[in-house]
Structures are given as C-alpha cells and as structure tokens.
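The values are calculated or read from the model by the stated rules, or taken from the named source; none is laboratory data. Because the structure is predicted, anything quoted here is derived from the model rather than measured. Don't worry about glycine lacking a Cβ; one is built from the backbone with ideal geometry, like all the others, and counts go over all protein chains shown.
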Amino acid sequence: MNPDSATLWRAPRWALAILLAGLATVGPFSIDTYLPAFSGIAAALNATPVQMQQTLSSYLLGFAVMNLFHGALSDSFGRRPVVLTGMAVFTLASLGCALADSIGQLVFWRTVQGMSAGAGVVVSRAIIRDMFPPAEAQRVMSQVTIFFGVAPAVAPMVGGFLFVHADWHSIFWFLVLVGAVLLVANWRLLPETLHKDQAQPFHPVSLLRGYRQMCSSRRFLLLVLASGIPFNGMFLYVLAAPVFLGEHLGLAPTQFFWFFCFTIGGIMSGAWLSGRLAGRIAPKRQIRHGFAIMLAVAVLNVALNLVLAPSVWWALPVIAVFSFGWSLMVPVVTLMVLDQNPERRGMASSLQAAIGSAANGLVAGVLVPLVMHSTLGLAVASLALMSVGLVAWLMIKRELS
C-alpha cells in the first residue's frame, strides 16, 4: 500500500471506484458490443464466417498477450502512464475499426484494440491495493466488480441497438467515444498511486525472474484458478445467449433483456453484499459462502434440467443466484492474489488477467460450441467450471492465514 495514499485521493471512495470501474469494463465491453453485428459486418465487408471469427480471436490474442505486460510496466513506470497510454491506443484502434473498409483492416485494428484494452483491467486492480488497506480495498473491489460483471451482459444490448438503428460502424464510433471519455477523465483525475520507493526495475532478467517466481508458486496459481474459472460458469450462458434464450427458452429477441436483468441483478446484489461484509466476517468465511451458493445452485441446475423441460421461470433465477455467489466471493479472492506478491502487484494482476482471459477464450471458442445446443450440457459445463475453482480453493485455503 502506498504510504501517501491518504493524500492522493480526497474525493469520496465511490468516485474512485467509478473511475476504476470504467477502466475495468473496457475489455469485456469491447469484446461483446459488436457481436450482434457479426452478420451485418460480414455482409458489408464481404467476409466469410472464418474471417469474422478472426476479428474476435485476434482481439482475444492481443488482449491475452499484452495482459502479461501491462502490470509489469506499471510496476516500473507507474500506474498512470500505462493507463493513459492504454486508453489513447484503444481510442485510436477503435477509430481504425470504425473507418475500416476491408476485413483485413478490421482484424488488424481489433488486434491493436485488444492489446490496449487490458491496461485498464489489469492496472485498476493494482491501483485499488495501492490505495486501500484490505477491508477498504474489498469494498472498492466489490464496487468495481458490479460494473465488471454487468459489462458482458449490457454490451450486446448496446451493440444491438446501435446496429439496428444506425449501422455497424456506429458500434466502433461508440467505443471511440468511450475511450476518449476515459482518457480525458483519467488524465484529469487519476493520481499516480505507485510510490517511488516501490517501483521495480524494468529489465528483462528482472521480469522473467518475477514471472518464474509467480508461475512456480502453487498458492498463487490456485488462487488465480479460484478467482477466475468460476466466472465462466455464468459467462458461458452469456456467450450461448442466442441459442439458449431463443431456441431453448423460446424467447423473442425483444425478450432477451430478461436474462440480462436477472444476471445483472445477481451480480450487483452479490457485489454489494461483499462490500457490506468487508471487515465484518473473515475473508475465508465469505469465500466459503460464495462457493457454497454456487455449488448448491449449480447442482440444482443440473437436477432441474434432468427432470424438467427448459423454462424461463426456473432457468433465469438459477443463473441469477449463481451470479450472486460468484460476485460475493470474487473480490476477496482477487485481493488475495494481489497480496501474494505485494512488491509486484501489477505483475500479479497481469498474470491473473492473462490466465483468466485465456480461460475465457477457451470457453468461448471450444466449450460453448460443444454444449450450447443442450440445456443439460450447459448446466453440466457450468458445474464443472465452478468445480475447478472450488477444488483450487479447497486445496489452498488451509495454507492462508
């Protein structure tokens, strides 16, 4: 924690949480906003389905690769320069996407967009721990989690509205606006939270030593799995939404918002309660409550799919309760990840984000296409993903003080 943190931000804590939440949502928002326009972009640019998939996979590749470096750069040069550079490049890349007139140009600028978008996600976590002691950091992390969890659900609705009422270019013009607003806001408001005495040397040998130390730490890797993998137990339903909602639950596109309302409600209420519980109950106890809720509802989801026909009336509340359990525990585990390497919190956040984004990519590209045509398959996959995180937590919890 920065010893001068009390003098760096004098506005209310929630104001900093909003600023950091904006940074944290850039990545997921720019992934999902353009998905409803896939067919329109393909027709406009005369692109094949494989080429359109490249606009997503190239973004995810750039996002995952650069996630390894944003935090390490911020440990050496400061949080503020990395955030501002990332937002400037993201705005430029979004402009390139909006002006693209060929699929090759769109793939290129999507790659650049992905490489820059992760700066906000990674560095915002390190800033929180720079600024606040554990209980306060949990409260702020919970507030940020609300927006981070909401973004993947809201983004397709925003993109669909823009595509229907304008065209696909308007989606990327919207992301230009988002990037520009965040760039100006952070340039004017964001303080430098890395204390000069805590800066790390930027040298390849030093970086490799740090990554090797974290990757060889059993405790660090298990906490990363516990914090990141259960998210996909919920996120796979977002990725499979057109098939899950349209084919299985029989909802019209105009009714899809009910799914997002339930999901967002679960995330917001769980994150709110997580913040309220900060400092009141032991962190391990709160994590146990979150995993217990997810396990119970994931098993119930499988059981209901075995005995009942798919129905909106029980399927959506089940997903909402799962989301509640995830957002109840994830702020606490995320802070534990960062505190495993207090001298390199930026690098720890980088590696955590890189592993999480790699898992998201595998779920999106491999798992969802395999299971999305069966509600039972989706339920079993959700239980399996949650179980990976649960097993990781059970393996490590006794070693934590």
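Determine whether Ala88 is closer than 12 Å to Gly120 by Cα, surrounded by fewer than 18 Cβ atoms within 10 Å (Cβ to Cβ) and of a type in the set (A, V, I, L, M). Working first, answer last.
Working: closer than 12 Å to Gly120 by Cα: yes; surrounded by fewer than 18 Cβ atoms within 10 Å (Cβ to Cβ): yes; of a type in the set (A, V, I, L, M): yes.
So Ala88 fits the description; yes.
Only one of Ile103, Ile171, Ile146 is β-branched (Val, Ile, Thr), more than 21 Å from Ser227 (Cα to Cα) and either crowded, with 20+ Cβ neighbours inside 10 Å or without any contact (Cβ under 8 Å) to a residue 24 or more places away in the chain (or both); which?
Of Ile103, Ile171, Ile146, the one residue that is β-branched (Val, Ile, Thr), more than 21 Å from Ser227 (Cα to Cα) and either crowded, with 20+ Cβ neighbours inside 10 Å or without any contact (Cβ under 8 Å) to a residue 24 or more places away in the chain (or both) is Ile171.
Taking region 40-52 as the region of interest, how many residues are assigned to a helix (DSSP H, G or I) and modelled with pLDDT of 80 or more? Please lay out each step first, then the result.
Restricting attention to region 40-52, the residues satisfying the condition of being assigned to a helix (DSSP H, G or I) are 40-45, 49-52.
Within this subset, residues satisfying the condition of being modelled with pLDDT of 80 or more are 40-45, 51-52.
Total satisfying the criteria: 8.
If Ser76 passes every condition in (1) touching a Phe, Trp or Tyr at 6+ places or on another chain (Cβ under 8 Å); (2) within 21 Å of Gly228 (Cβ to Cβ) but one, which one does it miss?
All conditions are met except number (2).
Table: residues versus (1) surrounded by fewer than 20 Cβ atoms within 10 Å (Cβ to Cβ); (2) farther than 22 Å from Ser327 by Cβ.
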{"position": "Met115", "(1), (2)": "no, yes"}
{"position": "Gly120", "(1), (2)": "no, no"}
{"position": "Arg125", "(1), (2)": "no, no"}
{"position": "Gly160", "(1), (2)": "yes, yes"}
{"position": "Val164", "(1), (2)": "yes, yes"}
{"position": "Ala180", "(1), (2)": "yes, yes"}
{"position": "Leu189", "(1), (2)": "yes, yes"}
{"position": "Ser206", "(1), (2)": "yes, yes"}
{"position": "Arg209", "(1), (2)": "yes, yes"}
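Restricted to region 316-353, and to residues that are small (Gly, Ala, Ser), under 16 Å from Gly389 (Cα atoms) and at pLDDT 90 or above, which residue is surrounded by the most Cβ atoms within 10 Å (Cβ to Cβ)?
Ser323
Return yes when Val123 is among the aliphatic types (A, V, I, L, M), assigned to a helix (DSSP H, G or I) and more than 18 Å from Ile18 (Cβ to Cβ) and no when it is not. I'd like the intermediate steps shown before the answer.
On the way: among the aliphatic types (A, V, I, L, M): yes; assigned to a helix (DSSP H, G or I): yes; more than 18 Å from Ile18 (Cβ to Cβ): no.
No: the conditions fail for Val123.
Read through the list (1) of a type in the set (S, T, N, Q); (2) under 14 Å from Ala119 (Cα atoms); (3) in contact with a Lys or Arg (Cβ under 6 Å, 6 or more places away or on another chain), then give the number of the only condition that Ser74 fails.
(3)
What number of residues within region 239-290 satisfy the criterion of being assigned to a helix (DSSP H, G or I) and either closer than 15 Å to Thr375 by Cβ or touching a strand residue (DSSP E or B) at 6+ places or on another chain (Cβ under 9 Å) (or both)? Reasoning before the result, please.
The initial filter retains those residues of region 239-290 that are assigned to a helix (DSSP H, G or I), namely 239, 241-248, 253-255, 257-277, 283-290.
Within this subset, residues satisfying the condition of being either closer than 15 Å to Thr375 by Cβ or touching a strand residue (DSSP E or B) at 6+ places or on another chain (Cβ under 9 Å) (or both) are 239, 241-248, 259.
The total comes to 10.
Could you go through region 18-27 and let me know if any residue there is farther than 21 Å from Gly356 by Cβ and modelled with pLDDT of 80 or more. Give the derivation first.
Within region 18-27, the subset farther than 21 Å from Gly356 by Cβ is 18-19.
Add one more test, that the residue is modelled with pLDDT of 80 or more, and what stays is 18-19.
Within region 18-27, one or more residues are farther than 21 Å from Gly356 by Cβ and modelled with pLDDT of 80 or more.
Here is a yes/no grid of residues against (1) under 19 Å from the mean Cα position of the chain (by Cα); (2) in contact (Cβ under 8 Å) with a residue 12 or more places away in the chain; (3) in a helix (DSSP H, G or I):
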site	(1), (2), (3)
Gln352	yes, yes, yes
Val368	yes, yes, yes
His373	no, yes, no
Ala379	no, yes, yes
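If you check every pair at least six apart or on different chains, which have Cβ atoms under 7 Å apart with a residue in region 1-26 that is touching a residue at least 12 places away in the same chain (Cβ under 8 Å) and under 15 Å from Arg129 (Cα atoms) first and a residue that is crowded, with 16+ Cβ neighbours inside 10 Å and among the basic types (Lys, Arg) second?
Met1/Arg129
Find the residue count for region 212-232, including only residues that are touching a residue at least 60 places away in the same chain (Cβ under 8 Å) and farther than 20 Å from Gly361 by Cβ.
Qualifying residue count for the region: 8.
Of the residues Thr55, Thr7, which single one is of a type in the set (Ser, Thr, Tyr), part of a helix (DSSP H, G or I) and closer than 17 Å to Phe172 by Cα? Walk me through how you get there before you give the answer.
Values: Thr7 fails: closer than 17 Å to Phe172 by Cα.
Of Thr55, Thr7, the one residue that is of a type in the set (Ser, Thr, Tyr), part of a helix (DSSP H, G or I) and closer than 17 Å to Phe172 by Cα is Thr55.
Answer with yes or no whether His248 is farther than 26 Å from Ser142 by Cα and buried (at least 18 other Cβ atoms within 10 Å of the Cβ). Outline the logic, then answer.
Numbers: farther than 26 Å from Ser142 by Cα: yes; buried (at least 18 other Cβ atoms within 10 Å of the Cβ): yes.
Here the answer is yes, as His248 does meet what is asked.
What number goes with the only condition from (1) crowded, with 16+ Cβ neighbours inside 10 Å; (2) at pLDDT below 95 that Ser311 does not pass?
In the conditions (1) crowded, with 16+ Cβ neighbours inside 10 Å; (2) at pLDDT below 95, Ser311 misses (1) alone.
Given the options Phe108, Phe69, name the one that is at pLDDT below 90 and either part of a helix (DSSP H, G or I) or buried (at least 23 other Cβ atoms within 10 Å of the Cβ) (or both).
Working: Phe108 fails: at pLDDT below 90.
The match here is Phe69.
From the list Leu394, Leu385, Leu328, Leu390, which one is under 13 Å from Phe291 (Cα atoms), assigned to a helix (DSSP H, G or I) and in contact with a His (Cβ under 8 Å, 6 or more places away or on another chain)?
Step by step, each of Leu394, Leu385, Leu328, Leu390 is checked, and only Leu328 is under 13 Å from Phe291 (Cα atoms), assigned to a helix (DSSP H, G or I) and in contact with a His (Cβ under 8 Å, 6 or more places away or on another chain).
Right, Asp197: buried (at least 22 other Cβ atoms within 10 Å of the Cβ) and either part of a loop (DSSP other than H, G, I, E, B) or not small (Gly, Ala, Ser) (or both) or not? Give the derivation first.
Values: buried (at least 22 other Cβ atoms within 10 Å of the Cβ): no; either part of a loop (DSSP other than H, G, I, E, B) or not small (Gly, Ala, Ser) (or both): yes.
Criteria not met by Asp197.
I need every pair where a residue in region 293-312 that is more than 16 Å from Gly377 (Cβ to Cβ) has its Cβ under 8 Å from the Cβ of a residue that is among the β-branched types (Val, Ile, Thr) and surrounded by 15 or more Cβ atoms within 10 Å (Cβ to Cβ), sequence separation at least 6 or different chains.
Final answer for the pair search is Ile293/Val321; Val297/Val318; Val297/Val321; Leu300/Val318.
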